[in-house]
Amino acid sequence: MIEWLWIRILRFPDATRLLGHALMGASFILGMFGWRAHKILGLLDRRLGRVGLEAPQSLAEMYPDLPTWWIPESPIGFTLVCLVFFIGALTAWLGKTAFKQIR
């Protein structure tokens, strides 16, 4: 299994680096979006609490018709985003190393 993966990385080092950078960029964007959504929900909770209204506690409560499962809102979600970022960095590094090996 690992030999097959390494052969693919050696055969396509540029695609491997591109995949790594895409994973890092997507996880960064999702992490920032989730962080901002968390901050906005906290702001709504404080502002609506002054008036005596109950604020939504998650994006799923705020937008029940939209799929929001891919937006990290909890520590577990942010940990998964960090894990995907690390996998992307590792993939980009492997692509760079493979490019140096075949050059």
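So, in the stretch 27-56, exactly how many residues are among the hydrophobic types (A, V, I, L, M, F, W, C), surrounded by 11 or more Cβ atoms within 10 Å (Cβ to Cβ) and not in a helix (DSSP H, G or I)?
Final tally of qualifying residues: 1.
Taking the residues in the stretch 57-103 that are among the polar types (S, T, N, Q), part of a helix (DSSP H, G or I) and open to solvent by less than 40 Å² (accessible area, probe 1.4 Å) as candidates, determine which candidate is nearest to residue 28 (Cα to Cα).
At the first step, the residues of the stretch 57-103 found to be among the polar types (S, T, N, Q) are 57-58, 68, 74, 79, 91, 97, 101.
Now drop any that are not part of a helix (DSSP H, G or I), which leaves 79, 91, 97, 101.
Then keep just the ones that are open to solvent by less than 40 Å² (accessible area, probe 1.4 Å); that gives 91, 97.
Values: 91: 15, 97: 23 Å.
Filtering the stretch 57-103 for residues that are among the polar types (S, T, N, Q), part of a helix (DSSP H, G or I) and open to solvent by less than 40 Å² (accessible area, probe 1.4 Å), the one nearest to residue 28 (Cα to Cα) comes out as 91.
Residue 2: modelled with pLDDT under 85, of a type in the set (A, V, I, L, M), out of contact with any strand residue (DSSP E or B) (no Cβ under 8 Å at 6 or more places or on another chain) and open to solvent by 100 Å² or more (accessible area, probe 1.4 Å), yes or no? Talk me through it step by step, then tell me what you get.
Details: modelled with pLDDT under 85: yes; of a type in the set (A, V, I, L, M): yes; out of contact with any strand residue (DSSP E or B) (no Cβ under 8 Å at 6 or more places or on another chain): yes; open to solvent by 100 Å² or more (accessible area, probe 1.4 Å): yes.
Yes.
Take the stretch 49-80 and flag every residue that is over 11 Å from residue 38 (Cβ atoms) and among the acidic types (Asp, Glu).
Across the stretch 49-80, the qualifying residues are 54, 61, 65.
The values are calculated or read from the model by the stated rules, or taken from the named source; none is laboratory data. All of these numbers come straight from a predicted model, not from anything done at the bench. Note: ideal-geometry Cβ built from the backbone for every residue, glycine included; neighbour counts use all protein chains shown. These area figures cover heavy atoms from the full protein model, side chains too; ligands, DNA and RNA do not enter into them. Shrake-Rupley method; radii C 1.70, N 1.55, O 1.52, S 1.80 Å.
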